[in-house]
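Below you'll find the structure, written out as structure tokens, and then a few comments.
Bear in mind that the values in this text are calculations on the coordinates, not laboratory data. What you see is a predicted model, and the numbers here were worked out from it, not measured in a lab. In this analysis, Cβ positions are derived from the backbone assuming ideal geometry, glycine residues included, and neighbour counts consider all displayed protein chains.
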Amino acid sequence: MAVTRLEIKAQGPYAGGQSFGDVGAYEHLAGTAHFAVNPSHPANLAINDLELAPRDAGGQVSFSADFQILKPANLQEGNGRLLLDVPNRGRPRAMKVFNNSPDSPAGVADEPGTGFLMRRGYTVVWCGWQHDVPTDPGLLRVQVPEAATPDGQPISGRIVVTFQPSSPSQVQFLSDRNHLAYPADNLEDWDSVLTVQDHEDAPQRVIPREEWSFRRLEDGRAVPDRRHVYLASGFIPGQVYRVIYDTTGAPVVGLGLLATRDIASFLRYGTQQEGNPCRDGLERAYAFGQSQSGRFLRLLLFLGLNQDEQDRDVFDGLIPHVGGGRRGEFNHRFAQPSSLSNYSLNNLFPFADTDQTDPVTGRTDGLLSRLARLGRVPKVMLTNTPSEYWGGHCALIHSDVSGRRDLPSSESVRIYYFTGTQHASGTWPLTSRNAANGNHGQQRFNWVDYRPLLRAALVNLDRWVTHGAAPPASSYPRMEDGSLVPPEQLADTFRSIPGVNFPEPLRRIHRLDFGENEGQPTKVPPEVGDPFPNLVAAVDQDGNETSGILLPAISVPVATCTGWNLRHQDMGGTGQILSNTGATIPFAATRAQREADGDPRPSLEERYATREDYLEQVSSAATGLVAQGYLLEEDLDTVAADAARQYDLVQPRAREPQTADD
């Protein structure tokens, strides 16, 4: 067993001992999981640099990770299901997604929200997998060894750090979101390069080496620092900068994948003698990951890491959510797991679950090809929003890389498109600013709460795995019916709406060549090849999408809701897509207001006779989703309440004009 010990440092009742239906009370456990894996075992060979990690006397590679568990106090009253929630940059997400719990800055909040997961008896598990997460209290991280050369020396190599500032500054940290940075080898290395461009796909200009340095500001003075870059003239908001330099110290980043696999295996199969707190209580295991964590699960599947060292299946089903077509920097030398650069290892072929051949490179592969060859493909639900399509990559999970045809998916895969939503579930109250990260959009953020669709997906996944009950059919935009189109075709529709600009430039990803071994890149930066096609969902005359799973906010609308928004001028990069952010563009309340504004979209009074008429249509649309299996009956009231508050916010607009800063 790869888990050698669970070191439980805290244990006690969850939510003050609150009882959840027939399941009863829950308890919370937290501590450190200790691992030892065989670097030569076939189940571990996909982990890059594992053979170069230090070994103990038994030839094993040891590492550890933070973990937390929520489980029924009486495990036999649970449903026998483990849900492993892959932390996003060290933060749990499942409680907010499935339970509507308040967002927690770190750790598992002692607030169960609706108690959805608890009432259904799930054992919920989190395990750190990201090596560079800050050591802030409550964040979950993995502690991994560094690879070394055969003679025991640390490994050096080239690295690219990309950043796009949103406010003026002279100093930038060489990492995303204050995560641990790779230090520059030589402060005076004149082979290091700093470039700038108007956007990621624009021509690069090299900033002369004498104009910048590896420094930070301390009491107004620039002092040497290997983890910061200093530009006396200042970094311009909205511009994209790349620092290329040499670094030393190569953590075996891919061990985070094994931590995820092996803690789930241990809790599912481990015995009382081995110290398993969930012994004999778990029959099935599922994994959920959102955004970065969804991409992480896509990589886990691609590498075939669903069997443990005893050749046992670990996850019966997985929901990689809003991962789009990407994987990520989770298993290569000098990886930056939080990087979102379009010119990183995030965006490598293959994208779709089934085999296809790239006509440009001649390579044939598929996301699930390794597992398919073993005949051991788990059930997978790929759930995405328009944000991932407008990011230039998501359509590739179901259309070929030539952009000419739709692709069939595996029998074990469902693809669900949450129509008219944004990367993170709806923003409320309606605003155009994100106080947490400073993002500011030209439009108010998207308000559609898609979490009810994820709750239904989890229930359907369990029925699929446990009883063989087929879940609802895949639902997403397709070329064959004209609902998947080049984004340029939508420009006139959006530009006809007063105050709305169209993205410029449109995002897309390219073929990238990092060298023969992508796990140990030798071409840094990579050679850039032909672009992949970029396709998005078609829209109606209102600018609302017509394909996928339409919540009432889209099928019975009071606004145009998109998966894209544009950077506000105070962030720089005006006209560029604001990453992962959608928009809400309300309709006029009255025909008179619409005509005065020059808005071609019918007003509320032209669409709905009364508020009651509107809510009746919402109820009918939601009931239809329940009948199709995309929505749970218990969420009907939630959807209706969302619709009512959205209508009530828009209706007074005839009397009280609002600005994009409201």
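Evaluate the distance, in nm, between pseudo-label points positioned 7 Å from the Cα of D22 and of R611 along their respective Cα→Cβ axes.
Result: 3.9 nm between the two label points.
Per DSSP H run of n ≥ 4, the term is -39500 (n - 2.57); total these for the chain, divide by its residue number, and report the mean residue ellipticity at 222 nm rounded to 500 deg cm²/dmol.
Only helices count here, giving -5000 deg cm²/dmol.
How much length is gained on full extension from E218 to D481, taking 0.36 nm per residue of separation minus their Cα-Cα distance?
So the extension gain works out to 88.7 nm.
Scale the Cα Rg of the stretch 408-472 by the rule-of-thumb value 2.2 N^0.38 Å and send over the ratio, two decimals.
This ratio for the stretch 408-472 stands at 1.52.
Grab the eigenvalues of the alpha-carbon gyration tensor for the stretch 516-662, scale each by 5, take roots, and send me the semi-axes largest first in whole angstrom.
Whole-Å semi-axes of the equivalent ellipsoid: 36, 23, 14.
First measure r as the distance between the Cβ atoms of N434 and Q273, then evaluate 1/(1 + (r/R0)^6) with R0 = 45 Å and state the FRET efficiency to the nearest 0.05.
0.35
What FRET efficiency would be calculated for the residue pair A644, Q170, taking the C-beta separation as r and a Förster radius of 60 Å, to the nearest 0.05?
My answer for the efficiency is 0.75.
Expressed in nm to one decimal, what extension gain is obtained for the pair E595 and R376 from 0.36 nm per residue of sequence separation less their Cα-Cα distance?
Full extension of this stretch gives 72.9 nm more.
Using Cα centres only, tell me the gap between the stretch 448-500 and the stretch 599-615 in whole Å.
Each part reduced to its Cα centre gives a spacing of 25 Å.
Which helices, counted as full DSSP H runs in the chain, have an axial Cα extent of no less than 18 Å and a Kyte-Doolittle average of -0.5 or above?
255-269, 451-467, 611-628, 636-650
Using a Förster radius of 35 Å, what is the FRET efficiency between R463 and S496 based on their Cβ-Cβ separation? Nearest 0.05, please.
0.20
Counting other Cβ atoms within 10 Å of each Cβ, which trypsin sites (Lys or Arg not before Pro) in the stretch 381-462 have at most 15 and sit in a DSSP loop?
Counting only loop positions with at most 15 other Cβ atoms within 10 Å, the trypsin sites (Lys or Arg not before Pro) in the stretch 381-462 are R404, R405.
What ³J(HN,Hα) values, in whole Hz, does the Karplus curve 6.51 cos²θ - 1.76 cosθ + 1.60 give for the stretch 337-345 when θ = phi - 60°, with x put for Gly and Pro?
Karplus values, whole Hz, x for Gly and Pro: x, 8, 5, 10, 4, 6, 10, 10, 6.
Take every Cα pair under 8 Å in the chain that's 6+ residues apart, average their separations, divide by the length, and report that relative contact order as a whole percent.
On the way: 1572 pairs, mean separation 73.1, N = 662.
Once normalised by length, the contact order is 11 percent.
How would you rank C278, C561, C394, C127, going from fewest to most other Cβ atoms within 10 Å of each one's own Cβ?
C278, C127, C561, C394
So for the chain, taking the charge dipole from beta-carbon charges (+1 Lys/Arg, -1 Asp/Glu), which of A491, G270, P337 sits furthest toward the positive end?
Farthest towards the positive end: G270.
Counting other C-beta atoms within 10 Å, and keeping those with at most 13, which DSSP coil chymotrypsin sites (Phe, Trp or Tyr not before Pro) do you find in the stretch 411-440? Don't jump to the answer; show the numbers that get you there.
Working: sites: Y416, Y417, F418; in loops: none.
Those that pass, being in a loop and sparsely packed, number zero.
Using the basic label-point model (7 angstrom from Cα toward the beta carbon), what is the R55 to T4 distance in nanometres?
1.4
With the contact rule set at Cα under 8 Å and sequence spacing of 6 or more, what percent relative contact order holds for the stretch 156-248?
Working: 198 pairs, mean separation 44.9, N = 93.
Contact order relative to length: 48 percent.
Would you work out if the stretch 327-405 is rounded, prolate or oblate? Take a ≥ b ≥ c from the square roots of the eigenvalues of the alpha-carbon gyration tensor; rounded if a/c is under 1.5, else prolate when a/b is larger than b/c, oblate otherwise.
Numbers: a/c = 1.34, a/b = 1.16, b/c = 1.16.
It comes out rounded by the Cα gyration axes.
How about K96: which lysines have a C-alpha closer than 26 Å to its C-alpha, ignoring those fewer than 8 places off in the same chain?
K9, K71, K379
Over 15 Å apart: what share of the alpha carbon pairs of the stretch 156-248 falls there, rounded to a whole percent? Display every interim value, and only then the final one.
Details: 2451 of 4278 pairs.
That fraction is 57 percent.
Taking the Cα centre of the stretch 109-264 as the origin, how large is its charge dipole in debye, to the nearest 20, when only Lys and Arg (+1) and Asp and Glu (-1) carry charge on their Cβ atoms? Spell out each step's value before the answer.
Values: 14 positive and 21 negative charges, 95 e Å.
Dipole magnitude for the stretch 109-264 comes out near 460 debye.
Which value in Å does the Kirkwood hydrodynamic radius of the chain take, with 1/r averaged over all unlike C-alpha pairs and then inverted?
Details: mean 1/r = 0.0386 Å⁻¹.
For the chain, inverting the mean 1/r across all distinct Cα pairs yields 25.9 Å.
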